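S.K.: After the structure tokens below, expect a handful of questions from me.
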């Protein structure tokens, strides 16, 4: 499970760096992905990552935090899959059309911080 943790943190670092350095390009790629893929398939990705984070949390120093991230990912997957009151559609519309470049960069900074923290906690 350490391999999964290393892989996911490396992915978070790459995505975070792209959000910070290549904001317009990342926005276009995000739009293509979100519009091309079915919402139910997109819900599967965070749900699987959440389950794997919960299982892999025992390989870290701060088990509770990594499990918390896994629960958040599971909740996100459920939110996207069930789409209560069409909130996912509104949220994705905001993310693709209204969110500023500073918002994308903020997401990139958060991603880099979380990835660095989790990577440093791997046993």
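S.K.: Look at the stretch 71-92 and say how many of its residues are surrounded by 13 or more Cβ atoms within 10 Å (Cβ to Cβ) and closer than 18 Å to residue 32 by Cβ.
M.R.: Looking only at that region, the number is 4.
S.K.: Enumerate the pairs (first residue in the stretch 110-123 and closer than 9 Å to residue 16 by Cβ; second residue anywhere and modelled with pLDDT of 95 or more and surrounded by 18 or more Cβ atoms within 10 Å (Cβ to Cβ)) with beta-carbon separation below 6 Å, excluding pairs fewer than 6 apart on the same chain, so at least 6 apart or on different chains.
M.R.: 111/12; 111/16; 112/16; 115/9; 115/12
S.K.: Another question about this same structure. Restricting attention to the stretch 17-32, does a residue exist that is surrounded by 14 or more Cβ atoms within 10 Å (Cβ to Cβ), at pLDDT below 95 and in a loop (DSSP other than H, G, I, E, B)?
M.R.: Scanning the stretch 17-32 turns up no residue that is surrounded by 14 or more Cβ atoms within 10 Å (Cβ to Cβ), at pLDDT below 95 and in a loop (DSSP other than H, G, I, E, B).
S.K.: Just wondering, is there one or more residues in the stretch 40-57 that are outside any helix (DSSP H, G or I) and at negative phi?
M.R.: Checked the stretch 40-57: no residue is outside any helix (DSSP H, G or I) and at negative phi.
S.K.: In this structure, is residue 45 under 27 Å from residue 100 (Cα atoms), modelled with pLDDT of 95 or more and under 15 Å from the mean Cα position of the chain (by Cα)?
M.R.: Judged against the criteria, residue 45 is a match.
S.K.: Say we look at the stretch 82-123 and pick out the residues that are out of contact with any strand residue (DSSP E or B) (no Cβ under 8 Å at 6 or more places or on another chain) and part of a loop (DSSP other than H, G, I, E, B); which of these is nearest to residue 57 (Cα to Cα)?
M.R.: Going through the qualifying residues, I end up with 83.
The values are calculated or read from the model by the stated rules, or taken from the named source; none is laboratory data. Keep in mind that this is a model prediction, so the values were computed, not measured. Ideal geometry is used to build each Cβ from the backbone, glycine not excepted, and the neighbour counts take in all protein chains shown.
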